[in-house]
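Here is the structure we will look at, set down as structure tokens.
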Amino acid sequence: MEKERCLRELALPLLGKWSIFIVLTLSEEEMYFAQLEREIGMISRKMLSQTLNDLIEIHIVYKKGESSTGQKTYYGLTPLGKSLLPHVYGLKNWMIANEEFLRKK
């Protein structure tokens, strides 16, 4: 049971409502905050910022630059984040293949 608790703690930042979408959006290139906001859509600035910070904390996303200097702040996937992509794509493909069953009520 203790191992499951530890795994749950590790998984929480990855299982947030927007985490997977952010990882998928950053899979091709790094982006600055406003680009991410536009690409994802329907996410508040506060939630995007919070989720990015959570993903930075667990080394899935990196942040380059500082907004306080007036330069754009870029976000991208770390090597650990890139190693997550095959699993995210697998889940995405599974959901697409099972969409009709998942949508049934």
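The values are calculated or read from the model by the stated rules, or taken from the named source; none is laboratory data. Being a predicted model, the structure only gives us computed values, none of them experimental. Quick reminder, even Gly has a Cβ in these numbers, built from the backbone with ideal geometry, and neighbours come from all protein chains shown. Surface accessibility is based on the protein's heavy atoms, side chains included, excluding ligands, DNA and RNA. Shrake-Rupley method; radii C 1.70, N 1.55, O 1.52, S 1.80 Å.
Values computed for the structure shown
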| quantity | calculated |
| --- | --- |
| Residues being over 14 Å from Tyr32 (Cβ atoms) and small (Gly, Ala, Ser) - total across the stretch 58-92 | 4 |
| Residue match in the stretch 3-20 (condition: among the hydrophobic types (A, V, I, L, M, F, W, C), at pLDDT 95 or above and either part of a helix (DSSP H, G or I) or touching a His at 6+ places or on another chain (Cβ under 7 Å) (or both)) | no |
| Only one of Lys82, Lys72 that is basic (Lys, Arg), surrounded by 13 or more Cβ atoms within 10 Å (Cβ to Cβ) and modelled with pLDDT of 95 or more | Lys82 |
| Of all residues making up the stretch 45-56, the number that are among the aliphatic types (A, V, I, L, M) and either in a loop (DSSP other than H, G, I, E, B) or in contact with a Gly (Cβ under 8 Å, 6 or more places away or on another chain) (or both) | 1 |
| Residues located in the stretch 57-79, provided they are in a helix (DSSP H, G or I) and closer than 13 Å to Leu26 by Cα | Pro79 |
| Enumeration of residues in the stretch 12-32 that are more than 25 Å from Lys72 (Cα to Cα) and loosely packed, with under 12 Cβ neighbours inside 10 Å | Leu15, Lys17 |
| Which numbered condition Glu66 fails, given (1) open to solvent by 80 Å² or more (accessible area, probe 1.4 Å); (2) closer than 20 Å to Leu80 by Cα | (2) |
